[in-house]
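Structure record follows, encoded as structure tokens.
The values are calculated or read from the model by the stated rules, or taken from the named source; none is laboratory data. Source: prediction; values computed, not measured. When we count neighbours, we look across all protein chains shown, and the Cβ atoms used for this are built from the backbone with ideal geometry, even at glycine. Ligands, DNA and RNA are excluded from the accessible area calculation, which covers all protein heavy atoms including side chains. Shrake-Rupley method; radii C 1.70, N 1.55, O 1.52, S 1.80 Å.
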Amino acid sequence: MAFSSIPMNPKWFEPASKFVDSQFPAAVAKLGQLVKIPGIAWPSFDQNNLELSAKKVADELGQLDFFDFVEIRKAAKPSGELGAPAVIARKAGHKAAPHILLYAHHDVQPPGDSALWDTEPFEATLRGDRLFGRGASDDKSGIITHLTSLKTLISLAAEVRVGVTVFIEGEEEAGSESLPEFLKTNHSDLAADLIIVADSGNWSEDVPALTTALRGMVSQTFTLKTLDHALHSGMYGGPLPDATTAMIRLLASLTDEAGNVAIVGLDSVSVDGPELSEKEFALTAGLLPGVKRLGDKAVTQQMWGEPAVTIIGLDLPAVDVSSNTAQPWVRAKISLRLSPSQSPESGLEALRKHLSSHAPFGAQVEFGRHETGPGYLAKDGWAAKLAHEAFSASWPNPSVNMGIGGSIPFISQFAAAFPNAEILVTGVEEPDSRAHSPNESQHLPTLRRAILAQSLILLNGNDLER
Ligand SMILES: [Zn+2]
């Protein structure tokens with residue numbers, strides 16, 4: 001049975017805000033300890049660090065003295081090899097109260113070239129209101145948000161009625177290869193009414209956001225053939241339908257004059273997110289002077305709610321070794337981003353149909369490898385309403401919904417494994433966090449606000465009745 005929406009109870013704001021302030025210095029110190037453990041789930045790095053970071057997270061969860069169990073578990077990857085250690089902790093709640101799953105990951109991206117860092121990547125360094133270090137934001141601040149907001153709930157609620165599972169994954173940055181198996185083998189321990197994924201960003205330092213739309217994707221490799229062998233471009237040129245010309249015409253047919261995707265059968269959903277001006281877009285994307293953007297809808301709508309097609313590979317003779325030869329066949333790879341509502345299967349079918357029916361000169365199309373990944377569109381349920389109120393109360397500005405043009409595959413995996421659960425994708429990052437890049441940092445006021453907002457969600461959720 002679902003929960004009906006309730007407005008946020010204002011009584012929790014003052015005590016929660018005071019409590020989070022009292023805990024914040026210790027929370028930042030704990031974040032610093034986590035940053036020191038370089039747990040990287042790529043095979044070329046010392047995997048022992050992942051064991052250490054899982055153990056540290058499990059110890060911290062154990063110290064809350066709250067859970068029925070705190071365990072480190074692993075699941076098999078498709079190769080059969082065991083995945084990285086994940087931490088799972090669970091506390092059963094009242095049957096009438098919601099069960100809430102809190103997700104973050106303890107592994108981090110490799111540091112990259114250390115010369116590009118202004119500080120030691122695995123040493124937390126405070127500069128101004130930012131804590132620098134690899135993983136300081138992505139996603140060790142997500143772990144700190146869960147730990148500290150739980151502490152707030154435990155300390156302030158007269159009785160903790162909600163059930164809570166904390167799941168801290170250990171290989172998100174390496175592609176979550178064992179996650180599908182982990183979701184299967186731990187299904188009942190992970191099952192929840194609400195899943196909070198603290199692994200995304202905010203619109204800006206001062207504007208909080210829920211990430212509510214992720215595009216899906218398909219990619220398709222194909223070969224276009226017009227001749228059974230290469231020919232001299234002078235001897236036969238004129239009547240000769242060479243494959244390169246055919247390919248260029250075919251690729252050009254994928255978009256219209258304005259740059260909108262021209263493939264029939266693709267959806268779009270309207271995302272009422274914040275707007276990015278044409279100027280801001282040109283600046284962040286690095287458009288050269290005089291170069292115009294594609295598409296005729298608003299910039300964020302075009303990036304989050306519309307399909308997008310990109311030619312990401314094309315096999316042609318390189319210019320330096322080119323000769324007077326007409327090509328008999330050409331190979332290309334197309335990446336098609338799909339609106340969050342579209343199934344990858346129908347997107348792939350629409351793309352293939354377009355390629356087959358628009359091949360010029362009667363050229364033959366031969367499909368090769370393809371990849372697919374589903375998108376995600378958040379439900380607008382009780383938790384989203386509560387979260388917007390909690391975020392708006394904790395930041396200086398009201399919260400917005402935002403999308404991500406790329407995919408976060410594990411979110412669609414959660415959505416598929418727990419179709420009845422509401423998922424909130426929240427975050428501690430903002431545009432200057434530089435996750436995955438040198439000089440990653442956590443903006444500490446954002447971390448404090450994220451902890452307060454999540455504390456308010458937990459405290460209000462704790463009063464809900466099924
Ligand atoms: Zn992350």
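When residue 336 is tested against (1) hydrophobic (A, V, I, L, M, F, W, C); (2) outside any helix (DSSP H, G or I); (3) farther than 18 Å from residue 311 by Cα, exactly one condition is not met: (3). The residues on offer are 149, 155, 176, and the sole one that is in contact with a Leu (Cβ under 6 Å, 6 or more places away or on another chain) and of a type in the set (Ser, Thr, Tyr) is 149.
The condition (being surrounded by fewer than 21 Cβ atoms within 10 Å (Cβ to Cβ) and aromatic (Phe, Trp, Tyr)) is satisfied by just one residue among 361, 414, 391: 361. For residue 104, the conditions (1) outside any loop (DSSP other than H, G, I, E, B); (2) open to solvent by 30 Å² or more (accessible area, probe 1.4 Å); (3) of a type in the set (Gly, Ala, Ser) all hold with the exception of (2).
Filter the stretch 109-130 down to the residues that are in contact with a helix residue (DSSP H, G or I) (Cβ under 6 Å, 6 or more places away or on another chain) and closer than 28 Å to residue 72 by Cα, then identify the one that is nearest to the ligand (Cβ to nearest atom). Step through it out loud before you land on a result.
Of all residues in the stretch 109-130, those in contact with a helix residue (DSSP H, G or I) (Cβ under 6 Å, 6 or more places away or on another chain) come to 109, 124, 129.
Now restrict to residues that are closer than 28 Å to residue 72 by Cα: 109, 124.
Working: 109: 8, 124: 17 Å.
This residue is 109.
Within the stretch 48-72, if we keep just the residues that are among the polar types (S, T, N, Q) and farther than 24 Å from residue 160 by Cβ, the residue that is most open to solvent (accessible area, probe 1.4 Å) turns out to be 48.
Taking residues in the stretch 28-39 that are in contact (Cβ under 8 Å) with a residue 60 or more places away in the chain, and partners anywhere that are part of a loop (DSSP other than H, G, I, E, B) and of a type in the set (Gly, Ala, Ser), the pairs with Cβ atoms closer than 6 Å and at least 6 places apart or on different chains are 32/124; 35/124; 35/133; 35/135; 35/136. Return yes when residue 223 is in contact with a strand residue (DSSP E or B) (Cβ under 8 Å, 6 or more places away or on another chain), part of a strand (DSSP E or B) and surrounded by fewer than 19 Cβ atoms within 10 Å (Cβ to Cβ) and no when it is not. Criteria met by residue 223.
Before we move on, is residue 77 under 16 Å from residue 151 (Cα atoms) and out of contact with any Pro (no Cβ under 6 Å at 6 or more places or on another chain)?
Judged against the criteria, residue 77 is not a match.
From the set of residues in the stretch 87-101 that are crowded, with 16+ Cβ neighbours inside 10 Å and aliphatic (A, V, I, L, M), which is farthest from the ligand (Cβ to nearest atom)? The residue in question is 97. Scanning the stretch 139-168 for residues that are open to solvent by 10 Å² or more (accessible area, probe 1.4 Å) and within 11 Å of the ligand (Cβ to nearest atom) yields a count of 0. For the stretch 282-309, a residue qualifies if it is under 19 Å from residue 213 (Cα atoms) and assigned to a helix (DSSP H, G or I), and the qualifying residues are 299, 300, 301, 302, 303, 304.
Give the number of residues within the stretch 394-437 that are hydroxyl-bearing (Ser, Thr, Tyr), away from the ligand (no atom under 15 Å from the Cβ) and within 22 Å of residue 206 (Cβ to Cβ). Break it down stepwise before answering.
Step one: filter the stretch 394-437 for residues hydroxyl-bearing (Ser, Thr, Tyr), giving 394, 399, 407, 412, 426, 433, 437.
Checking the rest, the ones that are also away from the ligand (no atom under 15 Å from the Cβ) come to 394, 399, 412.
Keeping just the survivors that are within 22 Å of residue 206 (Cβ to Cβ) gives 394, 399.
Count: 2.
Checked against (1) basic (Lys, Arg); (2) more than 30 Å from residue 422 (Cα to Cα); (3) open to solvent by less than 50 Å² (accessible area, probe 1.4 Å), residue 249 meets all criteria but (3).
Going through 185, 221 one at a time, which residue ends up being over 30 Å from residue 346 (Cβ atoms) and more than 19 Å from the chain's Cα centre (by Cα)?
On inspection, the qualifying residue turns out to be 185.
Taking the conditions (1) touching a residue at least 40 places away in the same chain (Cβ under 8 Å); (2) open to solvent by 10 Å² or more (accessible area, probe 1.4 Å) in turn, residue 336 satisfies each one other than (2).
Within the stretch 222-244, identify whether any single residue is within 21 Å of residue 374 (Cβ to Cβ) and modelled with pLDDT of 95 or more, and answer yes or no.
Here is the first cut: in the stretch 222-244, the ones within 21 Å of residue 374 (Cβ to Cβ) are none.
No, the stretch 222-244 contains no residue that is within 21 Å of residue 374 (Cβ to Cβ) and modelled with pLDDT of 95 or more.
Quick one: is residue 45 within 19 Å of residue 159 (Cα to Cα), modelled with pLDDT of 95 or more and assigned to a loop (DSSP other than H, G, I, E, B)? The answer is no for residue 45.
Filter the stretch 16-46 for residues that are among the charged types (D, E, K, R) and within 21 Å of residue 120 (Cβ to Cβ); which is least open to solvent (accessible area, probe 1.4 Å)? Ranking the qualifying residues of the stretch 16-46, first place goes to 30. The condition (being in a helix (DSSP H, G or I) and within 16 Å of the ligand (Cβ to nearest atom)) is satisfied by just one residue among 181, 177, 173: 173. Within the stretch 184-210, can you find the residues that are farther than 23 Å from residue 71 by Cβ, away from the ligand (no atom under 15 Å from the Cβ) and among the polar types (S, T, N, Q)? Within the stretch 184-210, just 204 meets the criteria. Of the strands (runs of 3 or more DSSP E) entirely within the stretch 370-452, those holding at least 2 residues that are within 30 Å of residue 39 (Cβ to Cβ) and either free of Cβ contacts under 8 Å to residues at least 60 places away in the same chain or among the aliphatic types (A, V, I, L, M) (or both) occupy 400-404, 422-429.
So, in the stretch 73-86, of the ones that are outside any loop (DSSP other than H, G, I, E, B) and of a type in the set (A, V, I, L, M, F, W, C), which residue ends up surrounded by the most Cβ atoms within 10 Å (Cβ to Cβ)? Spell out the reasoning first.
First pass over the stretch 73-86, keeping only residues outside any loop (DSSP other than H, G, I, E, B): 73, 76, 82, 86.
Imposing the further condition that a residue be of a type in the set (A, V, I, L, M, F, W, C) reduces the set to 76, 82, 86.
On the way: 76: 15, 82: 12, 86: 28.
Result: 86.
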